[in-house]
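Please treat every number below as a calculation from the coordinates, not as lab data. Here the structure is a predicted model, which is why all the values come from computation and not from measurement. Neighbour counts run over all protein chains shown; Cβ positions are idealised from the backbone, glycine included.
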Amino acid sequence: MTEKEKIKKSTTEEYMLPLMESFYTLQGEGAHQGRAAWFIRLGGCDVGCVWCDVKESWDAAAHPHKTVKEIVQEAVAYPGRLAVVTGGEPLMHNLDELTVRLHEAGFETNIETSGAHPLSGQWDWICFSPKKFKAPHPGIYDRANELKVVVFNKSDFAWAEEHAKKVSPNCELYLQPEWDKMDKMLPEIIEYIKSNPKWRISLQVHKFMNIP
Ligand code: SF4
C-alpha cells in the first residue's frame, strides 16, 4: 500500500493517521497555556523551519499509522478533555474524522498549525503559527482564533504585523521567543509589546517545567 493510500479513508477500513506520539501534559504556550491536555502529534511536515525542534516529525512514513478510533481511545483514559492536535504540520492530513470522534468523546479540539495546507476538521480553537519557510493557505486567516508568531530576530516583528493585518478582529495575538534565541529576543519582545499592546507574550513554559 502506498503512503497516500494508507492515510486515505477507504470504505472498508478505519481512517488512519501517522501518529508520532501522544501524551498527557500541560499546554505550555499560547492562549490555553496551563491547561491539562492530551497532545496528538501527527507525523509529516513539508514546511522546513530551520529552527524546528521536532524535525523527526517531518517524515510521515517514519511513524506508525493508527486508526482514529485507536487515537481517541488512548485519549479517553485520562481525565482532561482538551485535545491538542499538533505536528509536524497536522493539516497535511484530513482531520475531519479525528475531530468528529474527539467531539463525540467529549473533547474540546484545538489545533496548532502553520496554515500551510487547507483547513480540515471541526475545531474549537485554531492556533495559527505562520512560518516564513512556506506561505500559509489564505483560508486560515478568517478562521484563526490565535495568531502566534515565533520571533527569531527583530525583522520578525514587521512580519508578525503583516499577518496581524489579515486575521479577524477577534483573533488573539501572541509573540513567542524562539527557544534558543530567548536571551536575545525576550527583552526585545517585552519592549515591543509595551509599545504595541494588542500583542501578548507567549512563553514555552513546558520547557521551563521540563515536561513534554
Ligand atoms: S511547521 Fe512546525 S513541525 Fe514543521 S518544520 Fe516548522 S516548526 Fe517544525
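Examine region 32-55 for a residue that is under 16 Å from residue 212 (Cα atoms), more than 16 Å from the ligand (Cβ to nearest atom), in contact with a strand residue (DSSP E or B) (Cβ under 8 Å, 6 or more places away or on another chain) and assigned to a helix (DSSP H, G or I), and state whether such a residue exists. Yes.
Being among the aromatic types (Phe, Trp, Tyr), more than 18 Å from residue 17 (Cα to Cα) and more than 16 Å from the chain's Cα centre (by Cα) is the requirement here; does residue 107 meet it? In short, yes. Only one of the numbered conditions (1) in contact (Cβ under 8 Å) with a residue 60 or more places away in the chain; (2) more than 25 Å from residue 179 (Cβ to Cβ); (3) hydroxyl-bearing (Ser, Thr, Tyr) is violated by residue 109, and that is (1).
Residue-wise test of (1) of a type outside the set (Asp, Glu); (2) free of Cβ contacts under 8 Å to residues at least 24 places away in the same chain; (3) farther than 30 Å from residue 105 by Cβ.
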position	(1), (2), (3)
116	yes, no, no
125	yes, no, no
132	yes, no, yes
181	yes, no, yes
188	no, no, yes
200	yes, no, yes
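The set of residues in region 124-154 being surrounded by 20 or more Cβ atoms within 10 Å (Cβ to Cβ), away from the ligand (no atom under 11 Å from the Cβ) and of a type in the set (A, V, I, L, M, F, W, C) consists of 126, 127, 128, 140, 144, 147, 149, 151.
To keep it simple, each residue is scored yes or no on (1) under 17 Å from the mean Cα position of the chain (by Cα); (2) within 21 Å of residue 49 (Cβ to Cβ).
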position	(1), (2)
124	yes, no
135	yes, yes
161	no, yes
173	yes, yes
